[in-house]
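Down below is the structure, laid out as structure tokens.
The values are calculated or read from the model by the stated rules, or taken from the named source; none is laboratory data. Owing to the predicted nature of the structure, the values given are computational and were not obtained by experimental measurement. Here the Cβ positions follow ideal geometry from the backbone for every residue, glycine too, while neighbour counts run over all protein chains shown.
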Amino acid sequence: TVGAVALDTHGNLAAGTSTGGMTGKRWGRIGDAPVIGAGTYADNDSCAVSGTGWGEYFIRVGVAHEICTRLRYRLLAERDLLQATVPTDADGVPVDYIHSAEFVLDADKAQEEIDAVMGDVARLGGDGGVIVVTRDGFPLFSFNTTGMYRGRATSEGLDQVAIY
Amino acid sequence: GRWSIAIHGGAGTLDRADMTPERDAAYRASLQAALDAGKAVLAGGGSALDAVEAVVTRLEDDEKFNAGRGAVFTWDGTHELDAAIMDGRDRAAGAIAGVTGVRHPIMLARKVMIDSPHVMLAGEGAEEFAHEQGVEFMPPEWFDTDARREALERMKAEKLSALDVDIKFG
């Protein structure tokens with residue numbers, strides 16, 4: 001399986017995944033397909049995700065969507081907004097708090113959430129990995145296998161590929 | 001403006017003892033080339049969607065990875081390809097599953113997202129849509145690699161029946 005996730009200079013996220021599935025599959029089994037929400041997801045409010053691994057476990061956990069949801073809620077939790085209504089301005093117009101530069105979810109906190117979801121996959125017996133770019137531009141990995149062919153780069157100069 | 005990208009070429013049990021220096025270098029070179037393709041799009045002000053497609057199409061053409069050319073074999077000795085793409089701006093999404101012969105499944109998934117009213121197409125219907133859209137097809141042998149065929153043969157040799165293969169996924 002191969003995939004990519006990206007944040008462009010306009011602040012837009014995208015995710016893509018492509019695969020041949022697992023060796024020896026039969027009966028039209030498409031459980032290793034990067035089903036939207038399981039293996040692939042992108043939402044400018046949270047992150048972009050592409051997964052690789054034992055696809056049927058990714059479907060059961062809803063990995064890609066779960067990661068995006070957890071990052072969005074973690075951001076709100078960090079700002080004590082989970083129990084509040086959406087903040088409004090003086091005219092009563094909802095504030096675009098999601099897209100405010102004031103609201104950044106740190107890379108280490110995002111990593112905690114991503115690792116938790118992959119931990120859920122592992123608890124069920126599945127394995128694999130994900131790549132994530134957060135809406136704040138952090139390119140992150142998480143995998144529970146001994147290796148993952150991967151790479152990441154940013155406009156700040158990060159440029160790396162790795163296997164183990 | 002700020003941009004960021006991450007890519008993968010699959011995950012699994014990768015034993016360092018099985019990785020020769022030449023093989024390691026080849027994989028890293030392929031990953032770097034794909035990463036560079038995405039970086040070029042983003043650094044030039046291109047869209048995240050175009051960057052993703054630039055990376056994935058390159059990896060689909062690289063027989064070292066399990067997608068497009070170099071895809072694994074099904075039990076029947078064919079290749080069934082799947083792909084998905086999603087746009088974070090409006091959560092538009094497109095996916096295809098179980099198609100054969102499509103050189104770049106990620107491009108077909110993008111066609112589904114943009115040029116169809118649907119999110120996911122599968123099998124013969126997806127291939128019919130691909131033909132209508134002028135998507136590039138390749139003959140079956142273009143996707144074949146010796147390493148993947150040997151993997152299927154090993155699997156069949158180790159399993160008593162197809163039931164043994166599939167039951168663990170159910």
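Values for this structure:
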| read-out | value |
| --- | --- |
| Of residues in segment B:90-149 being assigned to a loop (DSSP other than H, G, I, E, B) and more than 13 Å from chain A (Cβ to nearest Cβ), the one surrounded by the most Cβ atoms within 10 Å (Cβ to Cβ) | B:Val135 |
| Residue match in segment A:73-81 (condition: within 25 Å of B:Ala92 (Cα to Cα), in contact with a helix residue (DSSP H, G or I) (Cβ under 7 Å, 6 or more places away or on another chain) and within 14 Å of another protein chain (Cβ to nearest Cβ)) | no |
| Selection within segment B:130-170 - at pLDDT 70 or above and of a type in the set (S, T, N, Q) | B:Gln133, B:Thr145 |
| So A:Asp159, is it within 9 Å of another protein chain (Cβ to nearest Cβ), loosely packed, with under 15 Cβ neighbours inside 10 Å and either under 20 Å from A:Asn12 (Cβ atoms) or touching a strand residue (DSSP E or B) at 6+ places or on another chain (Cβ under 9 Å) (or both) | yes |
| Where A:Arg152 falls short, out of the listed (1) out of contact with any Leu (no Cβ under 6 Å at 6 or more places or on another chain); (2) of a type in the set (D, E, K, R); (3) more than 28 Å from B:Lys64 (Cβ to Cβ) | (3) |
| Residue, farthest from the other protein chains (Cβ to nearest Cβ), within segment B:39-62, restricted to residues that are closer than 23 Å to A:Gly137 by Cα and not in a helix (DSSP H, G or I) | B:Gly44 |
| Positions within segment B:63-78 being more than 7 Å from chain A (Cβ to nearest Cβ) and surrounded by fewer than 21 Cβ atoms within 10 Å (Cβ to Cβ), in sequence order | B:Glu63, B:Lys64, B:Arg69, B:Asp76, B:Gly77, B:Thr78 |
| Residue among B:Ala34, B:Ala11 that alone is modelled with pLDDT under 95, under 20 Å from the mean Cα position of the chain (by Cα) and facing chain A (nearest Cβ under 9 Å) | B:Ala11 |
| Failed condition for A:Gly126, given (1) of a type outside the set (Ser, Thr, Tyr); (2) under 26 Å from B:Ala25 (Cα atoms); (3) in contact with a helix residue (DSSP H, G or I) (Cβ under 9 Å, 6 or more places away or on another chain); (4) in contact (Cβ under 8 Å) with a residue 24 or more places away in the chain | (2) |
| Hits in segment B:14-31 - residues which are of a type in the set (A, V, I, L, M) and facing chain A (nearest Cβ under 7 Å) | B:Leu14, B:Leu31 |
| Subset of segment B:1-55 [surrounded by fewer than 18 Cβ atoms within 10 Å (Cβ to Cβ), touching a Ser or Thr at 6+ places or on another chain (Cβ under 8 Å) and among the small types (Gly, Ala, Ser)] | B:Gly1, B:Ala43, B:Gly45 |
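Condition check ((1) in contact with a Pro (Cβ under 9 Å, 6 or more places away or on another chain); (2) part of a strand (DSSP E or B)) across all residues:
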position	(1), (2)
A:Thr9	no, no
A:Thr17	yes, yes
A:Gly21	no, no
A:Gly24	no, no
A:Trp27	no, no
A:Gly31	no, no
A:Ala64	yes, no
A:Cys68	no, no
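Residues are listed down the side, and each one gets a yes or a no for (1) at the interface with another protein chain (Cβ under 7 Å from one of its Cβ atoms); (2) of a type in the set (Phe, Trp, Tyr); (3) more than 22 Å from A:Gly151 (Cβ to Cβ); (4) out of contact with any helix residue (DSSP H, G or I) (no Cβ under 8 Å at 6 or more places or on another chain):
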{"residue": "A:Asp8", "(1), (2), (3), (4)": "yes, no, no, no"}
{"residue": "A:Gly37", "(1), (2), (3), (4)": "no, no, yes, no"}
{"residue": "A:Val61", "(1), (2), (3), (4)": "no, no, yes, no"}
{"residue": "A:Ala64", "(1), (2), (3), (4)": "no, no, no, no"}
{"residue": "A:Cys68", "(1), (2), (3), (4)": "no, no, no, yes"}
{"residue": "A:Ala90", "(1), (2), (3), (4)": "no, no, yes, yes"}
